[in-house]
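The values are calculated or read from the model by the stated rules, or taken from the named source; none is laboratory data. Computed from a predicted model, the values in this text were never measured in an experiment. Cβ placement follows ideal geometry from the backbone for every residue including glycine, while neighbour counts extend to all protein chains displayed. Side chains are part of the model used for accessible areas, which takes the heavy atoms of the whole protein and leaves out ligands, DNA and RNA. Shrake-Rupley method; radii C 1.70, N 1.55, O 1.52, S 1.80 Å.
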Amino acid sequence: MLQIGVDEANLISRSVGGDKSAYQLLVEHHLPPLSNYVMRMMANATEADDIIQETFVRLWTHGHKYNPKLAKLTTWLHNIAHNLCIDYFRMTDRLVPESADHPEQESSSPEENYIRQDLAMDIQAAMMTIPERQRSAIIMCHYQGLSNRDAAGVLGVSVDALESLMARGRRKLRQNLSTNWQEL
Amino acid sequence: MNIRRFQQLLDAYGTREKNWPAEEREAARALLNSDAECASLVQQYQSLDEHLDEYVTRMPPGLGQRILSQLPAPLIDRIIGWLIPDVSSQIWQPAIAGSLLLILGMIIGASMMGSFLDDAGSESNWDEEIYLFALDDTSLIGLNDE
């Protein structure tokens with residue numbers, strides 16, 4: 001497991017210098033969380049795949065632009081991925097995705113798996129109905145574990161504005177999901 | 001921290017304490033433990049978080065490997081690669097060799113042309129030319145013509 005901090009700073013500087021082994025360690029560490037973010041933003045594996053790859057290509061080609069004094073690397077990568085997602089949405093003007101494949105959870109009966117997959121698809125559909133910035137804010141704070149300041153930095157808004165985005169997004173999610181899931 | 005702010009936290013961040021802002025987490029937790037109304041609010045909000053937790057994604061298989069294999073070469077390597085491409089593209093080799101000879105010839109030619117122009121352009125040389133021309137007996141040319 002990569003030790004974040006001094007090691008990461010060292011890896012970034014080696015990666016900027018063209019050291020592929022250092023770059024590989026950075027990819028191994030940051031790929032899973034970044035992939036989760038983009039998959040939830042896009043909800044389509046093919047498009048998400050392209051955006052994730054492009055994000056990491058930017059780490060390789062534009063790594064010299066990263067300033068560790070301004071942000072953590074994970075925040076910087078989320079910023080790139082977020083902008084690529086927004087560019088994609090603007091370019092295609094498409095909000096409703098194809099349904100993604102939802103993994104089955106371990107130690108569940110087939111019936112439970114079915115209900116979970118059904119719920120996951122409903123949540124995905126509900127997520128895609130809310131504006132991209134609200135979705136991004138919720139994903140970063142709920143799933144990605146980014147701090148409110150980091151998430152606000154990615155979106156280029158104040159913490160108050162971030163809270164407002166998340167509150168509106170969550171309200172809308174609750175409304176959309178409550179038609180199928182009464183307990184909400 | 002008061003109940004109004006506590007509800008704002010739930011509205012924005014949900015019921016997971018780890019998602020609350022670090023600087024307010026302790027105060028919010030203390031209020032939750034002391035105020036039954038807060039506990040009731042948490043119950044109202046937590047089903048959305050439980051539902052959100054069901055939305056699990058799976059990383060596309062082989063993605064890490066694809067990223068590493070499709071990595072563009074560093075800029076300097078790309079420039080060198082463009083200038084001196086793969087050996088299999090034979091047409092480039094005579095072209096590069098010819099270009100190098102041409103550049104060498106241009107450099108030598110430019111240096112020689114420079115010294116020639118310096119000599120021809122100097123004022124003293126022009127004066128000398130005019131002086132020599134004046135010594136010439138031009139009247140003979142006219143006599144011969146007649």
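Observations on the model:
- Qualifying position, being within 25 Å of A:Ile138 (Cα to Cα) and either within 7 Å of another protein chain (Cβ to nearest Cβ) or surrounded by fewer than 21 Cβ atoms within 10 Å (Cβ to Cβ) (or both), among A:Gln24, A:Gln53: A:Gln53
- Counted as qualifying within the stretch A:90-184 are no helices (runs of 4 or more DSSP H), as none has 2 or more residues that are farther than 21 Å from B:Glu54 by Cα, at pLDDT 95 or above and in the same structural domain as A:Leu73 (by TED's automatic domain parsing).
- Residues in the stretch A:31-47 that are in a helix (DSSP H, G or I) and in contact (Cβ under 8 Å) with a residue 40 or more places away in the chain: A:Pro33, A:Leu34, A:Asn36, A:Tyr37, A:Val38, A:Met39, A:Arg40, A:Met41, A:Met42, A:Ala45, A:Glu47.
- Residue check for B:Thr57: outside any helix (DSSP H, G or I), buried (at least 17 other Cβ atoms within 10 Å of the Cβ) and more than 9 Å from every other protein chain (Cβ to nearest Cβ): no
- Selection from the stretch B:12-29 of residues that are open to solvent by less than 70 Å² (accessible area, probe 1.4 Å), part of a helix (DSSP H, G or I) and touching a residue at least 12 places away in the same chain (Cβ under 8 Å): B:Glu17, B:Glu24, B:Ala27, B:Ala28
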